[in-house]
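The values are calculated or read from the model by the stated rules, or taken from the named source; none is laboratory data. Computed from a predicted structure; not experimentally measured. Here the Cβ positions follow ideal geometry from the backbone for every residue, glycine too, while neighbour counts run over all protein chains shown.
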Amino acid sequence: MTDIQKSTVAERTAAPTSDQPDAPLPLRSRIMDGNLGGYLLLLPAVLILALLTIWPIVYSIAISFTNYRVNSRQPTEFIGLDNFTQLFSDDTFLGALWITAKFVLVAIPLQLILGYVCARILSAAHDMPGARIFRTFFIVPTMMTSLAVALFWGYILDPFIGVYNWILAQFGLPQQEFFTSTDSAFRTVVAVYLWQWVPFTAMLFMAGLLSIPRQIYEAASIDGARWYHRVLQIDFPLLKRVGAIAGILATVEIIRLFDLVYGTTQGGPGTSTLTNAIEIFRIGFQDFNTAYAAAASLLILVVTILISQLFVRALKETEQPA
Amino acid sequence: MNWSRFTHKVRLVAAVALTLALVVGACGGDDDDADSQEAVAGSAAYKKFTDGLKDKYAGKELRIITISDPFVPAFKQTAAEFSELTGAKVTTDQFGYDPVYEKEILACEQESSTYDVIVFDVPWTEAFVDCTEHIDARLKRADPELIKYDDFFPVMREATTWKGKTIGLPFAPYFVLQHYNTEVYEGLGLEPAKTFDDFVTNAKATNKSEEFSNIYGTALNNQAGSAVGQAFFEYIYNFPGGKPFESMYPGSKDAYSDMTPLFSSPQGIETVELFKKLIPYEPPGALNTDWTARQSYFNTGKIASVNQWDVTTPSASDPEQSVVVDTHATAAFPTDGELVTQVGGWSMGLNKHSDPAQKDMAWDFMQWFTTPETSVAFSKAGGFPPRQSTLENAELNDQYPWYSTLKEVIPTSFADCRPRIKESFDIINTLGTHISEALAGDVSTEEAMKAADEEIGAMLKKAGYTVKS
């Protein structure tokens, strides 16, 4: 900056002396030198955010208190909390909520445990030849789109034409119905979900494990710590933060799980795999009961936030000084 | 030839004989043949119309949204002739059943002009009344010899009309037929089922029989939701006195005057019980079977019979998709009462929100595509006959032997065999969810159907229909 420019800025930003009138700065100066310029630069991003994120949420909240249906023959009217009260007496929706809750309760502990076990194996083999290539293949399921995963496993596990049952038949083992029986469909969807998402959780845990200083393990070894001591007293406390993040991500993933279920079972047989995402899609985009779908989505949003708070609390605990 | 060497008498006899031969030839063929010959060659009205279309829309684009059903390649092939004739580029966007409905309804709600021609299914009629231009005035102005409106199947004329307003022209109607493997049936001495008892007996007899140990009996549309919901409507009317709603039955003056659901009626229960009874004779995974899977089972020789829309029938004759090319046949749907054949399929509507010039082009396309002449070309390419004259066409009858079954069943269908109101999708899905619960054994059939009655009854009551408690 030249001396002239420096002096000009200094003059412009100098505190007013008592004999100077308290005149407002010209607009150009406020934009160029004051806070206004910063706000103006932020404005396009804020507008885009408002248009694409805030407005749809506000709109969803607004229509959830009406009887709005796309392509309805009746006028849209304010109906207060009717949609929300109806949700609590809607057996199909409550059933879907229970299936989703069951999914969260079954899949997340398994995802965290299996993710940790895989991470341990991967980090133990970190320096072995071919480890990099193995890790690349290991993460491939997570990189696949869920619909492709659904179609892929749908064919493999098809009870009639699937290769898996063909292999079982070669060994004289009984055929399995997988996605097509109420007894096994839920378990099979959970298993396919884990196949896709455990590698991602393992990568998170592996990053966490690699950040733990080796000296801690060496010291524990000198003190005679066995493998389960290392797991329970070193890994778990130090991976709590990573585990909480993985838990939040998995919860959100399961609550909005759609493609995988739609591509394999469409929520059936019966309602054995009818998750809330499938049910909300059905209400909103097949039956076009838009306001009711908005109310259901908001309810799910609140539930998701509450569950996430549990993990956030766990995260905060890890930040407490020892 | 040197005619001078024949005597005058011989020449006279030859001329009379030739004249007689021509007269006999003209009178001897039946009217249908004459009509179909005219259809192939093109009527005067058709020639006049196509002459007027030559290069009329050069540089313009016509956009069509349609289902991605097996007729689409034939549709595109036929539409390409319109491009050649008029110079217009025809763009066809195709989507699966649920997505196409979703996109069309949203486009309708947004008053979008993205598509000029909207292809819709029979149960969607009321849903498109507000976003399609009612074509009654255009039909009146059009050349009746070109349109030949009365030549469309009566059931499809009714299906494209809502409360006196015509909202489209049918071009690919479907009917549900019984398809069976002739090798298996003949080998086991069976006839195609005439009643539901026959249907169960045949399924049992053909299921992993000694002679055909790798073949299962049949496959139903049991998948949860719209698949099994739709199947219910195919069967319910064929139990004596069966109807889904109080005033919905063939011959009803107003199918929507009393929408009290009757899913838990004895006939409704019998329908679901029939589905249950057939599960042991279906391939593994019966509870998740849908339209595509069961047709693939039939075409690959894994099941002995399937009651399926005729849209899939040509695929059984396609050597690339089928191993039963020469060993399959069709028959009418089985029934325990008077036969009611399920109708569905596709019609073209004019998007009300399109630009007027685009609408004119779309109307020309719709007229041209549904003329008897183009209908024959479309059917030859793999499409479906929307007209009586197309169904009678001799060449098409040679190409598609199953047309004989169509001739038998089309008069037994009625437009409202599935509701055509805005709530149709919701009704079919909700019903399908409850039936699936019953098939899976989560609840009893009675409980499932009572729950369907209550849920669908409440929905219809809310929508303003008469529903008696």
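Within the option set B:Lys148, B:Lys163, being closer than 30 Å to B:Asn351 by Cβ and within 14 Å of chain A (Cβ to nearest Cβ) holds for one residue only, B:Lys163. Being in the same structural domain as B:Tyr97 (by TED's automatic domain parsing), at pLDDT below 95 and of a type in the set (A, V, I, L, M): is that true of B:Ala381 here? For B:Ala381, the condition - in the same structural domain as B:Tyr97 (by TED's automatic domain parsing), at pLDDT below 95 and of a type in the set (A, V, I, L, M) - is met.
Among what's in the range A:165-187 and is under 31 Å from the mean Cα position of the chain (by Cα) and in a helix (DSSP H, G or I), pick the residue that is modelled with the lowest pLDDT.
Result: A:Thr180.
Just one residue in the set B:Ile65, B:Ile105 is surrounded by 21 or more Cβ atoms within 10 Å (Cβ to Cβ), touching a Phe, Trp or Tyr at 6+ places or on another chain (Cβ under 8 Å) and more than 14 Å from chain A (Cβ to nearest Cβ); that residue is B:Ile65. Please tell me if B:Asp442 is crowded, with 18+ Cβ neighbours inside 10 Å, assigned by TED's automatic domain parsing to the domain that holds B:Asp258 and not hydroxyl-bearing (Ser, Thr, Tyr). No, not satisfied. Looking across the range B:427-469, the residues that are more than 9 Å from chain A (Cβ to nearest Cβ), farther than 16 Å from A:Ser272 by Cα and free of Cβ contacts under 8 Å to residues at least 12 places away in the same chain come down to B:Glu447, B:Glu454, B:Ala458, B:Lys461.
From the list B:Ile215, B:Ile236, the lone residue that is hydrophobic (A, V, I, L, M, F, W, C) and over 23 Å from B:Pro284 (Cα atoms) is B:Ile236. Could you tell me whether the range B:359-376 includes any residue that is among the aliphatic types (A, V, I, L, M) and either without any contact (Cβ under 8 Å) to a residue 24 or more places away in the chain or not in a helix (DSSP H, G or I) (or both)? The answer is no, given that none of the residues of the range B:359-376 is among the aliphatic types (A, V, I, L, M) and either without any contact (Cβ under 8 Å) to a residue 24 or more places away in the chain or not in a helix (DSSP H, G or I) (or both).
Taking the stated definitions as given, is B:Leu391 within 18 Å of the chain's Cα centre (by Cα), assigned by TED's automatic domain parsing to the domain that holds B:Ile105 and on the phi < 0 side of the Ramachandran plot? Yes; evaluated as a whole, the condition is true for this residue.
Here is a yes/no grid of residues against (1) surrounded by fewer than 16 Cβ atoms within 10 Å (Cβ to Cβ); (2) within 19 Å of the chain's Cα centre (by Cα):
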{"position": "A:Leu87", "(1), (2)": "no, no"}
{"position": "A:Leu97", "(1), (2)": "no, yes"}
{"position": "A:Ile108", "(1), (2)": "no, yes"}
{"position": "A:Gly115", "(1), (2)": "no, yes"}
{"position": "A:Cys118", "(1), (2)": "no, no"}
{"position": "A:Pro129", "(1), (2)": "yes, no"}
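Identification of helices (runs of 4 or more DSSP H) wholly contained in the range B:234-316 with 3 or more residues that are at pLDDT 95 or above yields B:266-278. Looking across the range B:68-101 at every residue that is touching a residue at least 40 places away in the same chain (Cβ under 8 Å) and within 14 Å of chain A (Cβ to nearest Cβ), the one that is surrounded by the fewest Cβ atoms within 10 Å (Cβ to Cβ) is identified as B:Tyr97.
Please enumerate the residues belonging to the range B:293-302 that are more than 10 Å from every other protein chain (Cβ to nearest Cβ) and either over 23 Å from B:Ser413 (Cβ atoms) or over 24 Å from the mean Cα position of the chain (by Cα) (or both).
Across the range B:293-302, the qualifying residues are B:Asn299, B:Gly301.
Considering only the range A:77-93, I want to know if a residue exists there that is among the aromatic types (Phe, Trp, Tyr), closer than 30 Å to B:Glu455 by Cα and touching a strand residue (DSSP E or B) at 6+ places or on another chain (Cβ under 8 Å). Within the range A:77-93, one or more residues are among the aromatic types (Phe, Trp, Tyr), closer than 30 Å to B:Glu455 by Cα and touching a strand residue (DSSP E or B) at 6+ places or on another chain (Cβ under 8 Å).
Within the range A:85-128, being under 25 Å from A:Thr201 (Cβ atoms) and not in a helix (DSSP H, G or I) holds for A:Ala125, A:His126, A:Asp127, A:Met128. In contact with a Lys or Arg (Cβ under 8 Å, 6 or more places away or on another chain) and away from chain A (no Cβ under 11 Å): is that true of B:Thr390 in this structure? So B:Thr390 does not fit the description; no. Quick check on my filter: what residues within the range B:47-72 are part of a loop (DSSP other than H, G, I, E, B) and out of contact with any helix residue (DSSP H, G or I) (no Cβ under 8 Å at 6 or more places or on another chain)? Hit for the range B:47-72 is B:Gly59, nothing else.
Table: residues versus (1) within 14 Å of another protein chain (Cβ to nearest Cβ); (2) touching a residue at least 40 places away in the same chain (Cβ under 8 Å); (3) not in a helix (DSSP H, G or I).
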{"residue": "B:Tyr115", "(1), (2), (3)": "no, yes, yes"}
{"residue": "B:His134", "(1), (2), (3)": "no, no, yes"}
{"residue": "B:Leu139", "(1), (2), (3)": "no, no, no"}
{"residue": "B:Val155", "(1), (2), (3)": "no, yes, no"}
{"residue": "B:Glu158", "(1), (2), (3)": "no, yes, no"}
{"residue": "B:Ala172", "(1), (2), (3)": "no, yes, yes"}
{"residue": "B:Leu177", "(1), (2), (3)": "no, yes, yes"}
{"residue": "B:Glu183", "(1), (2), (3)": "no, yes, no"}
{"residue": "B:Gly189", "(1), (2), (3)": "no, no, yes"}
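When the residues of the range A:168-208 are narrowed to those that are of a type in the set (Val, Ile, Thr) and within 14 Å of chain B (Cβ to nearest Cβ), which ends up surrounded by the most Cβ atoms within 10 Å (Cβ to Cβ)? The selected residue is A:Thr180. Of all the residues in the range B:370-393, those that are closer than 20 Å to B:Val343 by Cβ and acidic (Asp, Glu) number 1. Residues in the range B:117-132 that are in a helix (DSSP H, G or I) and within 13 Å of chain A (Cβ to nearest Cβ) were compared, and the one that is nearest to B:Trp162 (Cα to Cα) is B:Glu126.
Taking the conditions (1) over 22 Å from B:Gly42 (Cβ atoms); (2) buried (at least 24 other Cβ atoms within 10 Å of the Cβ); (3) hydroxyl-bearing (Ser, Thr, Tyr) in turn, B:Ser424 satisfies each one other than (2). B:Leu350 - would you say it is touching a residue at least 12 places away in the same chain (Cβ under 8 Å), within 14 Å of chain A (Cβ to nearest Cβ), crowded, with 22+ Cβ neighbours inside 10 Å and of a type outside the set (Val, Ile, Thr)? The answer is no for B:Leu350.
Just one residue in the set B:Glu81, B:Glu102, B:Glu145 is at pLDDT below 95, in a helix (DSSP H, G or I) and under 29 Å from B:Asn393 (Cβ atoms); that residue is B:Glu145. Criterion applied to B:Thr7, B:Thr50, B:Thr19 was being modelled with pLDDT of 55 or more and not assigned by TED's automatic domain parsing to the domain that holds B:Phe425, and the one residue passing it is B:Thr50.
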